[in-house]
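**Student:** Structure provided below as structure tokens; questions to follow.
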Amino acid sequence: MKGMVLKEISTIEEQPLELKDLPDPTPGPGEILVKVSVCGICHTELDEIEGRLLPNLPIVLGHQVVGRIVGLGQGAKRFKLGDRVGIAWIHSACGTCDFCKEGHENLCPAFKGTGCDAPGGYAPYTVVGERFAYLIPDRFSDSQAAPLLCAGAIGYRDLMLSGIKRGQTLGLYGFGASAHLVIQMAIYRGCEVFVFTRSEAHRALAIKLGAAWAGRPEDPPPRKLHCAIDFTPVGETVPKALNVLEKGGKLILAVIRKRNPIPPLDYSQHLWDEKEIKSVANLTRKDAEDFLLLAAQIPIIPEVQEFDLPEANHALLLLKQGKIQGSGVLKISDSN
Ligand SMILES: [Zn+2]
Ligand SMILES: [Zn+2]
């Protein structure tokens, strides 16, 4: 099979992903072989390419994988051949450490990321343990389902950890793949949403999706925020968000890595009055399962921009430049 491979750390401007011949994977005990239809693109892949996160090189990236099961490893019996499944960022966790036993498998020291520690979905076939795959609800097309697996499922975890309640105000910093799904959940939960982004196109999409206000990251919102979620890869948004957070408010940091440092915080200005900052690391299988059911129920329909697999470098460059509307998705092979 031919897949897009990252061989060494680089900038995305240098187009480091190469279409290469790869051996067809075979499923081991308890694993499933998935024929990949589509794979979403994510900022975390930029972190891997550019070395802010260290993947197991050479690596096939991609952790928002949708496809059909075409092979079952020894003892795999959770699904049947032909089932349509998704694979998310969590490729495996040990299942026996204290974190795993307490439902925090996202923090497992042996956590493996799809397309980072194990091959992902920028290729026609991939394998994963059957316990780390999810049936895709019928109401979503393959391309619509892909962004639900990271942008949506981790966005769901962000929103749950924010603790926001009905009637409260939520600020979203950055309005890419994850935020455009989180806004749909937040409005469904009866929150008032203010969106902060430099992109005029993203502000227009935010208003279309029901934001009560959209402005630039430095603009004062109409009211203070009970919670804010920062999806941006830059450090400067952190003090900006803390400045407009209500007393006792919580700021969630949703990205794995920031591209540049967070400016110094002033205790009285940014943190006093019981303001909290919490980062969100990875996701659990329960996040993905719960979110897929919720997404089908609301329903949350992602806006997607499709690219062919060999265009992955270009798609990721557009993502870095903030030029993707909604979520970018790579088409890998024909759906069947
Ligand atoms: Zn992701
Ligand atoms: Zn563990």
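**Student:** Of HIS91, HIS270, HIS202, which is the most mobile in a GNM of the chain whose springs link Cα atoms less than 10 angstrom apart?
**Tutor:** HIS270
**Student:** Okay, next question. For the range 92-241, taking Cα atoms only, what is the radius of gyration to one decimal and the Dmax to the nearest whole Å?
**Tutor:** Computed over the Cα atoms of the range 92-241, radius of gyration and Dmax are 17.5, 49 Å.
**Student:** Something else now. Take the alpha carbon atoms of the range 272-288, find their center, do the same for the range 1-69, and report the distance between the two centers in whole angstrom.
**Tutor:** 26
**Student:** Could I ask something else about it? Ranked highest first by the average count of other Cβ atoms within 10 Å around their residues, in what order do 147-154, 128-135 fall?
**Tutor:** Descending mean neighbour count gives 147-154, 128-135.
**Student:** Something else now. LYS323 versus ALA201, label points 7 Å from Cα toward the beta carbon: distance in nm?
**Tutor:** Each label point is offset 7 Å from its Cα along the Cβ direction, giving 0.8 nm.
**Student:** By DSSP, what percent of the beta bridges with both residues in the chain are antiparallel, rounded to the nearest 5?
**Tutor:** Around 55 percent antiparallel, to the nearest 5.
**Student:** How high is the FRET efficiency from CYS94 to GLU13, r the C-beta distance, R0 45 Å, rounded to 0.05?
**Tutor:** Once rounded, the FRET efficiency stands at 0.75.
**Student:** Then there's this: Hey, with R₀ at 35 Å, roughly what FRET efficiency would ARG189 and SER268 work out to, going by the Cβ-Cβ distance, to 0.05?
**Tutor:** It comes to 0.60.
**Student:** Multiply the residue gap between ASP138 and GLU289 by 0.36 nm, knock off their C-alpha separation, and tell me the result in nm, one decimal place.
**Tutor:** 52.9 nm
**Student:** Would you please put 94-106, 170-182 in order of how densely packed they are, using the mean number of other Cβ atoms within 10 angstrom per residue and starting with the highest?
**Tutor:** Ranking, from highest mean packing down: 170-182, 94-106.
**Student:** Mind giving me the FRET efficiency for ASP117 and ASP21? R0 is 22 Å, r the Cβ-Cβ distance, nearest 0.05 is fine.
**Tutor:** It comes to 0.50.
**Student:** Ok, one more. Using helices alone, what [θ] at 222 nm do you get for the chain, with -39,500 (n - 2.57) per DSSP H run of 4 or more residues, divided over all residues and rounded to the nearest 500?
**Tutor:** Value at 222 nm, helices only, nearest 500: -6000 deg cm²/dmol.
**Student:** Can you give the charge dipole size of the chain about its Cα centre, rounded to the nearest 20 debye, using +1 on the beta carbon of Lys and Arg and -1 on the beta carbon of Asp and Glu?
**Tutor:** My answer is approximately 740 debye.
**Student:** Place a label point 7 angstrom from the Cα of LEU81 along the Cα-to-Cβ direction, then list the residues of the range 305-336 whose backbone nitrogen is under 16 Å away.
**Tutor:** Backbone N within reach: 336.
**Student:** What residue among ALA296, SER141, GLY71 has its Cα farthest toward the positive end of the dipole of the chain, where the charges are +1 on Lys, Arg and -1 on Asp, Glu, each on the Cβ?
**Tutor:** Selected residue: ALA296.
**Student:** Please give the length that would be gained between ALA281 and GLU236 if that part of the chain were fully extended, namely 0.36 nm times their separation in residues minus their C-alpha to C-alpha distance (nm, one decimal).
**Tutor:** Extending this stretch completely gives an extra 14.2 nm.
**Student:** To continue, here is another question. Just to be sure I understand the curve: with the Debye formula and one point per C-alpha of the chain, what is log10 I(q)/I(0) at q = 0.07, 0.09, 0.14, 0.15 Å⁻¹?
**Tutor:** So the normalised log intensities work out to -0.27, -0.45, -1.09, -1.24.
**Student:** With a/c under 1.5 counting as rounded, go ahead and sort the range 154-279 into rounded, prolate or oblate using the C-alpha gyration tensor (a ≥ b ≥ c being the square roots of the eigenvalues; past the cut-off, prolate if a/b is larger than b/c, else oblate).
**Tutor:** In terms of gyration-tensor shape, rounded.
**Student:** Further, regarding this structure: Just check the range 44-174 against the gyration tensor rule for me: Cα atoms, a ≥ b ≥ c as the square roots of the eigenvalues, rounded for a/c under 1.5, and otherwise prolate or oblate depending on whether a/b exceeds b/c.
**Tutor:** Cα axes put the range 44-174 in the rounded bin.
All of the numbers you see were taken from the coordinates with simple rules; none came from a lab. It should be emphasised that the depicted structure is a prediction, and the values quoted were computed from it without experimental measurement. We place every Cβ from the backbone using ideal geometry, glycine too, and count neighbours over all the protein chains shown.
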